[in-house]
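Since the structure comes first, as structure tokens, the remarks are kept for the end.
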């Protein structure tokens, strides 16, 4: 039995917004930048694999991310790497990393730095 995708309400963003106003946000982004896709020499944040970083007032961090492909060989390990990078940050109480494949990752999601690093600019 396959899970049906949740219906989207009109006007609901495909990727939920991040908690950019949180004082922890920049530190969490930098922690995500310390995690690399083993097949591509660019960090997961600049690759565009991190879709959403939600941080509540209690220090609970929820990361919604994807992989370059559903069959990625590190699919089972990557969420743990991300959680391990974020967990030690001061102020972080819990970390939940969720994988999604909606929307599918595309090269257009990479930062300019990642494109430059990979020779696409």
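The values are calculated or read from the model by the stated rules, or taken from the named source; none is laboratory data. Computed from a predicted model, the values in this text were never measured in an experiment. Counting neighbours? That spans all protein chains shown, and the Cβs are built from the backbone with ideal geometry, glycine included.
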* residue 61 fails exactly one of the following numbered conditions: (1) at pLDDT 95 or above; (2) farther than 20 Å from residue 93 by Cα. What is the number of that condition? -> (2)
* Would you point out the residue of region 45-97, among those that are in contact with a strand residue (DSSP E or B) (Cβ under 7 Å, 6 or more places away or on another chain), assigned to a helix (DSSP H, G or I) and free of Cβ contacts under 8 Å to residues at least 40 places away in the same chain, that is farthest from residue 114 (Cα to Cα)? => 83
* State which residue pairs qualify: first residue touching a residue at least 60 places away in the same chain (Cβ under 8 Å) and on the phi < 0 side of the Ramachandran plot and inside region 16-33, second residue assigned to a helix (DSSP H, G or I) and surrounded by 16 or more Cβ atoms within 10 Å (Cβ to Cβ) in any location, beta carbons under 7 Å apart, and separation of 6 or more residues or different chains. => 28/86
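Residue by residue, here is whether (1) surrounded by 10 or more Cβ atoms within 10 Å (Cβ to Cβ); (2) farther than 25 Å from residue 70 by Cα; (3) at pLDDT below 90 holds:
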{"position": "2", "(1), (2), (3)": "no, no, yes"}
{"position": "6", "(1), (2), (3)": "no, no, yes"}
{"position": "11", "(1), (2), (3)": "no, yes, yes"}
{"position": "15", "(1), (2), (3)": "yes, no, yes"}
{"position": "21", "(1), (2), (3)": "no, yes, no"}
{"position": "26", "(1), (2), (3)": "yes, yes, no"}
{"position": "29", "(1), (2), (3)": "yes, no, no"}
{"position": "35", "(1), (2), (3)": "yes, no, no"}
{"position": "42", "(1), (2), (3)": "yes, no, no"}
* **Residues (more than 11 Å from the chain's Cα centre (by Cα) and at positive phi) located in region 34-61** => 59
